[in-house]
1. Among the residues of region 162-209, what is the count of those that are closer than 28 Å to Val281 by Cα, part of a loop (DSSP other than H, G, I, E, B), of a type outside the set (A, V, I, L, M, F, W, C) and within 20 Å of the chain's Cα centre (by Cα)?
2. I'm told Ala110 meets every condition in (1) surrounded by fewer than 20 Cβ atoms within 10 Å (Cβ to Cβ); (2) aliphatic (A, V, I, L, M); (3) under 17 Å from Gly142 (Cα atoms); (4) touching a residue at least 40 places away in the same chain (Cβ under 8 Å) except one. Can you identify the failing condition by its number?
3. For Ile323, indicate whether it is part of a strand (DSSP E or B), surrounded by 13 or more Cβ atoms within 10 Å (Cβ to Cβ) and touching a residue at least 60 places away in the same chain (Cβ under 8 Å).
4. What tally of residues in region 18-39 results from selecting those that are under 16 Å from the mean Cα position of the chain (by Cα) and not hydrophobic (A, V, I, L, M, F, W, C)?
5. Looking at (1) buried (at least 17 other Cβ atoms within 10 Å of the Cβ); (2) in the same structural domain as Gly121 (by TED's automatic domain parsing), which is the only condition Asn160 fails?
6. Report yes if Thr336 is buried (at least 16 other Cβ atoms within 10 Å of the Cβ), in contact (Cβ under 8 Å) with a residue 60 or more places away in the chain and under 25 Å from Glu177 (Cβ atoms), otherwise no.
7. From the list Ser124, Ser113, Ser119, which residue is of a type in the set (Gly, Ala, Ser), closer than 24 Å to Val34 by Cα and outside the structural domain of Pro338 (by TED's automatic domain parsing)?
8. Determine whether Ile143 is out of contact with any Gly (no Cβ under 9 Å at 6 or more places or on another chain) and in a helix (DSSP H, G or I).
Amino acid sequence: MSIHDKTSLQLPKENLEAKDFLPLLGTDHVELYVGNAKQAAHYYMAAWGFQPLAYAGLETGLKDRVSYVVQQDKIRLVLTSPLKSGGEINKHIDAHGDGVKAIALWVDDATISYDETVSRGAESYFAPKTLKDAEGEVVLSGIHTYGETVHVFVERRNYNGVFMPGYRAWQPLYRPEDVGLKYIDHMVGNVGWNEMDKWCQFYAKVMGFAQLVSFDDKDISTEYTALMSKVMSNGNGRIKFPINEPADGKKKSQIEEYIEFYNGAGVQHMALATDNIIETVTALRNRGVEFLTVPVSYYEDVLDRVGEIDEDLAPLKELGILIDRDDEGYLLQIFTKPILDRPTMFIEIIQRKGAKSFGKGNFKALFEAIEREQASRGTL
């Protein structure tokens, strides 16, 4: 199913507090700057079931970079590497390692999106520009957000090509089966001490988002570490950005570890949705993806806490999948270990069975699992 499927536009409005001066249709793509785009593309295909979609590089006229685009249902990743020394991409990789540079948002009008956000205080990344080829045109514009992360507005209503002008179809023989990932549920940003409210206010003022929920250090703490988080959402609920900051604890929190190794604020994780988390996680484990584990004791009373669920508990326990419930239903979730050499970015797999929340009941077990990994790295 295409990311541009018109049926997706019928979703109900979820966040009535959000202002709709910046209508967002969904996440267009996520661009990561990586040290070796060819090998990164193979990893996301082989381990994660993404399909090859498009390519840009020397063969398409680029002299300074190469990009591979992979897709699974509505999730598109653009993996970009430099072709020469020096330059913006090299500096980004040197400072941060592999990581998310751009969260691209699908809009009806990239020029209006740019004008609305810049007029409200956003720092320009680049002014609106139009890219054209035989398949039509795409209009792009961009603004800065936390750290060196940017938002790119993508207007593609007049484009019928494979991805956007400058790219060609990428059709290698290797096309592994997908693993059932559907769309990006949310993307989490880690920011520095006392910066969470600043960036939440940015999303409220500049982009018209509203706060869905907040968690303080009483909600998200263990014996050793703590953090605070607020979740910002646009009006139709398709774009949700939790923002985390460190809180005082006895030892170094996961947010502090991230900021130390990422060298600043950035995207901590992508939460990818599935309709069958047991099948998805089983496939991922079989392909070598490593997940955090919680003690078996977690499952002794979990059903007392969350109530009846549709799934058998045994495979959830075997895979280490966590369960939580809110007023509207329940969710199933699991988190990978860092997928990079630096202990920075990881991926969450989530299946929502009505729940609109983010797994508050799992925070303690999850963060204790993260602390065990930190201890093994000597960074707790």
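1. Within region 162-209, the subset closer than 28 Å to Val281 by Cα is 170-190.
Narrowing further to those that are part of a loop (DSSP other than H, G, I, E, B): 170-180.
The next check asks that each one be of a type outside the set (A, V, I, L, M, F, W, C); those that pass are 171-172, 174-178, 180.
Checking which are within 20 Å of the chain's Cα centre (by Cα) leaves us with 178, 180.
The number of residues fulfilling the criteria is 2.
2. All conditions are met except number (1).
3. Values: part of a strand (DSSP E or B): yes; surrounded by 13 or more Cβ atoms within 10 Å (Cβ to Cβ): yes; touching a residue at least 60 places away in the same chain (Cβ under 8 Å): no.
When the stated conditions are applied, Ile323 does not pass them.
4. The qualifying residues number 6.
5. Just one mismatch for Asn160, condition (1).
6. Working: buried (at least 16 other Cβ atoms within 10 Å of the Cβ): yes; in contact (Cβ under 8 Å) with a residue 60 or more places away in the chain: no; under 25 Å from Glu177 (Cβ atoms): yes.
No, not satisfied.
7. On the way: Ser113 fails: closer than 24 Å to Val34 by Cα; Ser119 fails: closer than 24 Å to Val34 by Cα.
Only one candidate qualifies: Ser124.
8. Values: out of contact with any Gly (no Cβ under 9 Å at 6 or more places or on another chain): yes; in a helix (DSSP H, G or I): no.
When the stated conditions are applied, Ile143 does not pass them.
The values are calculated or read from the model by the stated rules, or taken from the named source; none is laboratory data. Quantities reported herein were computed from a predicted structural model and do not represent experimental measurements. Glycine also receives a Cβ, built like all others from the backbone with ideal geometry; neighbour counts cover every protein chain displayed.
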